[in-house]
Every structure is written in structure tokens, then in C-alpha cells.
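The structure under discussion appears below in the form of C-alpha cells.
A short reminder: the numbers here are calculations on the coordinates, not readings from a lab. Since we're looking at a predicted model, the values are computed, not measured. For neighbour counting, all protein chains shown are included, and Cβ atoms are generated from backbone atoms with ideal geometry for every residue, glycine included.
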Amino acid sequence: MNLQGLLELIRCPKSKAPLVHDGEWLVSSDPGCRLKYEIKQEIPVLIPEEAVEMSTEEWGSLMEKHGRDRVTGKIAG
């Protein structure tokens with residue numbers, strides 16, 4: 001599956017924010033949401049009730065790891 005192409009089309013179903021791919025997870029880039037969605041058998045499970053809410057610190061570190069601002073989740077630059 002071409003996840004990069006898919007990421008241009010899909011958004012977090014709860015916040016409508018872009019998603020960040022991190023291993024077996026897609027993570028909402030919305031700091032108010034901080035949900036991560038599991039990818040099972042190459043299929044993203046975009047069901048908010050099955051998502052895991054990340055702590056502010058964990059989410060911020062992950063955003064920074066992917067070149068995003070650790071507070072806003074926006075692409076750093």
C-alpha cells in the first residue's frame with residue numbers, strides 16, 4: 001500500500017487534521033486531539049473509539065521527530 005499517497009487524501013476523522021505516519025500508527029497532527037490510529041494488516045483503522053490518546057509530551061516528541069512543531073503540530077519551517 002502506498003501510504004504516502006493515501007496520507008494526502010485522508011484526515012483524522014475526529015479533528016479533520018492531517019495524519020502523520022509513525023511505524024504502525026497514523027497520528028493526528030491536532031494538539032487538541034492527539035489520537036493515534038493503528039494500522040492493521042496494512043489497513044488504517046480510522047475509528048476514533050478504537051484510537052489511543054497520546055499524552056501531550058509523547059505527542060509533542062512524535063511531532064518533533066517528524067519535522068513538526070511540538071506544540072502546534074504544524075510543519076516546522
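List of remarks:
- Residues that are among the acidic types (Asp, Glu) and either touching an Asp or Glu at 6+ places or on another chain (Cβ under 7 Å) or over 15 Å from Lys74 (Cα atoms) (or both), drawn from segment 9-53: Asp22, Glu24, Glu38, Glu42, Glu49, Glu50, Glu53
- Restricting segment 38-57 to residues that are in contact (Cβ under 8 Å) with a residue 24 or more places away in the chain and either touching a Pro at 6+ places or on another chain (Cβ under 8 Å) or basic (Lys, Arg) (or both), the residue that is farthest from Pro13 (Cα to Cα): Thr56
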